[in-house]
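The structure appears below as structure tokens.
A short reminder: the numbers here are calculations on the coordinates, not readings from a lab. Since this is a predicted model, take the numbers as computed values, not measurements. Heads up, the Cβs are rebuilt from the backbone with ideal geometry, glycines too, and the neighbour counts pull from every protein chain shown.
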Amino acid sequence: MYDSSRIKHLGSWCRDHTIPFCILSAERGLIDGDTIIEKYERVMDSTRAAELVPQVALKLRGFDAVVFFKGGARYSYADCIRQAAIASECPVALIEVLMFVDFARYV
């Protein structure tokens with residue numbers, strides 16, 4: 001599991017609202033947000049992002065749509081998700097700044 005407080009908060013919010021939560025890892029690709037992995041030093045760059053597109057696209061096929069929270073991540077993460085979404089024909093929304101809203105109140 002990732003140490004970032006923003007990732008922990010987002011994961012907790014998603015679990016509370018029964019929304020699937022995944023993390024795009026430069027080492028492992030798209031993984032479930034609760035997956036525990038060993039620390040690694042690999043960083044996402046354009047080459048690695050391109051390598052991960054097929055694996056990420058395969059996983060995106062299981063979703064109706066994806067919301068990708070970029071936060072402080074490198075743009076190569078967003079590029080990977082964008083290309084995988086195109087390949088899997090899965091709509092994706094890219095969010096740069098995260099504000100938690102109880103969307104259930106508006107449904």
Max mean-square fluctuation residue, GNM over the chain, Cα-Cα springs under 10 Å, options Gly11, Gly62, Gly33: Gly62
Overall dimensions of the chain as given by Cα atoms, namely Rg and Dmax in Å: 13.6, 42
Only Lys, Arg (+1) and Asp, Glu (-1) charged, at Cβ; the chain dipole about Cα centre in debye: 80 debye
Choice from Leu52, Leu60, Leu94 showing the highest fluctuation, given a GNM over the chain with Cα pairs closer than 10 Å: Leu94
Nearest 10 degrees, 0 to 90: helix 75-88 Cα axis against the chain principal axis: 90 degrees
The range 8-46: GluC sites (Glu not before Pro) in DSSP loop, at most 13 other beta carbons within 10 Å: Glu38, Glu41
Contact order normalised by residue count of the range 5-53, Cα under 8 Å, 6+ apart, percent: 24 percent
For the range 5-101: relative contact order, % (alpha-carbon pairs under 8 angstrom, 6 or more apart): 23 percent
Excluding exposed DSSP-loop trypsin sites (Lys or Arg not before Pro) (at most 10 other C-beta within 10 Å), longest clean stretch of the chain: 43-107
